[in-house]
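**Q** I have a structure here, written as structure tokens, and I will follow up with some questions on it.
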Amino acid sequence: MLKIYNTMTREKEVFIPLEEGHVKIYTCGQTVYDDVHIGNARTYSSWDVVIRYLRYKGYKVFHVQNFTDVGHLTDDADQGEDKIEKRAREEKINPWELVDRQIEEYWHVIDALNINRPNISPRATSLIPEMIDLIKILLAKGYAYEVEGNVYYDVSKFKDYTKLSRLKLDEESAKARVVEDPLKKGPFDFALWLNAQKGDQIHVMRWNSPWGEGYPGWHLECSIMAMKYLGQTIDIHGGGIDHIPTHHPNEIAQAEAATGKQFVRNWMHAEFITLNGKKMSKSLGNYVTARELINEQGGLVVRMGLISGHYRSAVDWNPDVIENAKKNVERIQNCLSLLKDSAGGNKTNLNQAIEELKQTFEEAMDDDFNTPKALAAIHEFIRQINSSLDNKKEILNRASEILLELLGVLGLDFTKKKGLDDLKINELMGLIINIRENARKEKNYELSDEIREKLRTVGIQIEDAEDGPRWKMT
């Protein structure tokens, strides 16, 4: 039986969906002001494994993952600027242009990592009317209050606000966690709607509402996008561990106060990645983008590295992770080649190993999606294959099929046709970009433009960014 660690209870629980055979899952998506970094990619890969395994077990899964394209401020306690507007101003472009560009780049990364796209990927800005309607309900029920065009949620009115975070809401923790806002009744109250004008600065992304021109609070957006497409109670909600103290408790407070129903049955949270032993964050500039690694190593190697650790365990991303991922990919590729090329023999002892692999793999995945143990079972099977190539050809074919199937459950696609592999393509593109950069330095713009145009005709786009040129398949 599949067991999932539920953050709400801090225990592994047997998974029973609300509707038999169907799973409704919502995962927190990207705030589209910057590129996907390797920590984001690890979390999205983890949820992809969860969904793939649920489907492998026969469930019909409906997955919603959002794009936050407004309202996520630089300080999660309703302080600071909107991250998207701040970045757009720095780049001297329109915020909507930034959003479209970053969503396009997001999909390139997701596809390169073989992450299945969600059933629905709503933008927060597409559901402003629904957000306004929910705010009206919370005001009418006494859970919210309006001050100077801002609407805040009154945390003191919601019983068990800390049931997920298990934090103590006292004066000392308030001082450490939030900046005091004179408009709020309590320090832990949070914004449902924000006035578009702060002093002399007017928020570009704004909408009309009963409380004046403004924009929604970040926490409100996820509650609405989850309930709009999945209903008032959902089976699984996934996000990073940074969402446990504030974002997800706020989602619960909004949804359950409005509906009177349990919002989420199973809460799942992924741990952080550190970079060479140090915390990785965009705000510190200490991060590696997924695009950089994919360009350097190829999507298959990066994906292998991302799922090598359990989603609830912290992973330090360092050169050893990539080297181990490369070796594991090569080992699997070599094994598949041997299975394909072997003429076989008369032995049948590999049949038992095939059955044991399925059982061991499923036991590992049933234990809260334990990918390290699942990978270990696959590597043990490969060891057995390498000494059993004298089995009957049909058995070798079956071994290849089961190997590819279980690798596919982990999002590792070894079925692509041979040719230029990802790593060789990346090496080739590195050489071409260096030639083009040298031409630009020598002010040979004719050659530089010719290289870019030639690449464009074969489906490769080069973008000249401040931190250097980037390329992507179009």
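**Q** Identify, please: which residue in region 282-321 is in a helix (DSSP H, G or I) and among the small types (Gly, Ala, Ser) and is, among those, nearest to the chain's Cα centre (by Cα)?
**A** Restricting attention to region 282-321, the residues satisfying the condition of being in a helix (DSSP H, G or I) are 290-297, 299-306, 319-321.
Narrowing further to those that are among the small types (Gly, Ala, Ser): 290, 299, 305.
Working: 290: 11, 299: 15, 305: 15 Å.
Here the answer is 290.
**Q** While we're on this one: Taking strands (runs of 3 or more DSSP E) that do not extend beyond region 37-122, which have at least 1 residues that are more than 30 Å from residue 22 (Cα to Cα) and either modelled with pLDDT under 95 or outside the structural domain of residue 238 (by TED's automatic domain parsing) (or both)? Show your work before the answer.
**A** Working: elements: 60-68, 73-75, 79-82.
Filter on region 37-122 gives 73-75, 79-82.
**Q** Those residues that are part of a helix (DSSP H, G or I), touching a strand residue (DSSP E or B) at 6+ places or on another chain (Cβ under 8 Å) and farther than 18 Å from residue 30 by Cβ, I need them from region 228-256; list them, please.
**A** 230, 250, 252, 253, 254
**Q** Tally up the residues in region 388-404 that are part of a helix (DSSP H, G or I) and either under 20 Å from residue 359 (Cα atoms) or polar (S, T, N, Q) (or both), please. First the steps, then the outcome.
**A** Within region 388-404, the first condition is being part of a helix (DSSP H, G or I), and the residues that meet it are 393-404.
This time we only want the ones that are either under 20 Å from residue 359 (Cα atoms) or polar (S, T, N, Q) (or both), so: 395-404.
Going through region 388-404 one residue at a time, the tally reaches 10.
**Q** Could you say whether any residue in region 364-375 is farther than 17 Å from residue 308 by Cα and exposed (fewer than 14 other Cβ atoms within 10 Å of the Cβ)?
**A** Step one: list which residues in region 364-375 are farther than 17 Å from residue 308 by Cα, which gives none.
Looking through region 364-375, none of the residues is farther than 17 Å from residue 308 by Cα and exposed (fewer than 14 other Cβ atoms within 10 Å of the Cβ).
**Q** With 409, 458 as the choices, which residue is exposed (fewer than 12 other Cβ atoms within 10 Å of the Cβ) and not hydroxyl-bearing (Ser, Thr, Tyr)?
**A** Values: 409 fails: exposed (fewer than 12 other Cβ atoms within 10 Å of the Cβ).
Selected residue: 458, the only one of 409, 458 that is exposed (fewer than 12 other Cβ atoms within 10 Å of the Cβ) and not hydroxyl-bearing (Ser, Thr, Tyr).
**Q** Additional query: State which residue is modelled with the highest pLDDT when the search covers only region 399-429 and only residues that are touching an Asp or Glu at 6+ places or on another chain (Cβ under 8 Å) and not hydrophobic (A, V, I, L, M, F, W, C).
**A** 411
**Q** Which numbered condition in (1) closer than 30 Å to residue 468 by Cα; (2) touching a residue at least 40 places away in the same chain (Cβ under 8 Å); (3) among the aliphatic types (A, V, I, L, M) is the only one that residue 406 fails?
**A** Condition (1) is where residue 406 drops out.
**Q** Within region 193-211, is even one residue part of a helix (DSSP H, G or I) and in contact (Cβ under 8 Å) with a residue 24 or more places away in the chain? So that I can check it myself, show each step before the final result.
**A** Residues of region 193-211 part of a helix (DSSP H, G or I): none.
No: region 193-211 contains no residue that is part of a helix (DSSP H, G or I) and in contact (Cβ under 8 Å) with a residue 24 or more places away in the chain.
**Q** Let me ask something additional. Among the listed residues 84, 93, 25, 103, identify the single one that is farther than 21 Å from residue 240 by Cβ and among the β-branched types (Val, Ile, Thr). Let's see the steps before the verdict.
**A** Details: 84 fails: farther than 21 Å from residue 240 by Cβ; 25 fails: farther than 21 Å from residue 240 by Cβ; 103 fails: farther than 21 Å from residue 240 by Cβ.
Answer to the check: 93.
**Q** Sticking with this structure for a sec: Return yes or no: is residue 375 in contact (Cβ under 8 Å) with a residue 40 or more places away in the chain, within 30 Å of residue 6 (Cβ to Cβ) and in a helix (DSSP H, G or I)? Talk me through it step by step, then tell me what you get.
**A** Values: in contact (Cβ under 8 Å) with a residue 40 or more places away in the chain: yes; within 30 Å of residue 6 (Cβ to Cβ): yes; in a helix (DSSP H, G or I): yes.
So residue 375 fits the description; yes.
**Q** Return the residue satisfying two criteria in turn: it lies in region 259-271 and is without any contact (Cβ under 8 Å) to a residue 60 or more places away in the chain and not in a helix (DSSP H, G or I), and of such residues it is surrounded by the most Cβ atoms within 10 Å (Cβ to Cβ). First the steps, then the outcome.
**A** Initial filter on region 259-271 (without any contact (Cβ under 8 Å) to a residue 60 or more places away in the chain): 259-263, 271.
Restricting the remaining residues to those that are not in a helix (DSSP H, G or I) gives 260-263, 271.
Values: 260: 9, 261: 11, 262: 14, 263: 23, 271: 18.
Only one residue fits best here, namely 263.
**Q** Looking at (1) in a helix (DSSP H, G or I); (2) touching a Phe, Trp or Tyr at 6+ places or on another chain (Cβ under 8 Å), can you tell me which one residue 221 breaks?
**A** Status for residue 221: all satisfied but (2).
**Q** Still on this structure, please answer the following. Determine whether region 132-141 contains at least one residue that is within 17 Å of residue 36 (Cα to Cα), assigned by TED's automatic domain parsing to the domain that holds residue 228 and in contact with a strand residue (DSSP E or B) (Cβ under 7 Å, 6 or more places away or on another chain).
**A** We begin by selecting, within region 132-141, every residue within 17 Å of residue 36 (Cα to Cα); these are none.
No, the conditions are met nowhere in region 132-141.
**Q** Conditions first: (1) among the aliphatic types (A, V, I, L, M); (2) more than 22 Å from residue 116 (Cα to Cα); (3) touching a Lys or Arg at 6+ places or on another chain (Cβ under 9 Å). Residue 410 passes all but one, so which condition is the exception?
**A** The single condition residue 410 does not satisfy is (2).
**Q** Quick check on my filter: what residues within region 328-372 are charged (D, E, K, R), within 30 Å of the chain's Cα centre (by Cα) and part of a helix (DSSP H, G or I)? Walk me through how you get there before you give the answer.
**A** Our first condition is that a residue be charged (D, E, K, R); within region 328-372, this holds for 330-331, 340-341, 347, 355-356, 358, 362-363, 366-368.
Going one step further and asking which of them are within 30 Å of the chain's Cα centre (by Cα), we end up with 330-331, 358, 362-363, 366-368.
Of everything in region 328-372, those that are charged (D, E, K, R), within 30 Å of the chain's Cα centre (by Cα) and part of a helix (DSSP H, G or I) turn out to be 330, 331, 358, 362, 363, 366.
Rundown of residues vs (1) farther than 20 Å from residue 143 by Cβ; (2) modelled with pLDDT under 95; (3) crowded, with 21+ Cβ neighbours inside 10 Å, yes/no style:
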{"site": "195", "(1), (2), (3)": "no, yes, yes"}
{"site": "199", "(1), (2), (3)": "yes, yes, no"}
{"site": "210", "(1), (2), (3)": "no, no, no"}
{"site": "217", "(1), (2), (3)": "no, yes, yes"}
{"site": "229", "(1), (2), (3)": "yes, no, no"}
{"site": "236", "(1), (2), (3)": "yes, no, yes"}
{"site": "251", "(1), (2), (3)": "no, no, yes"}
{"site": "257", "(1), (2), (3)": "no, no, yes"}
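The values are calculated or read from the model by the stated rules, or taken from the named source; none is laboratory data. Everything numeric in this text was worked out from a predicted model, so none of it was measured. Methodologically, a virtual Cβ is constructed for each residue, glycine included, from the backbone with ideal geometry; neighbour enumeration extends over all protein chains shown.
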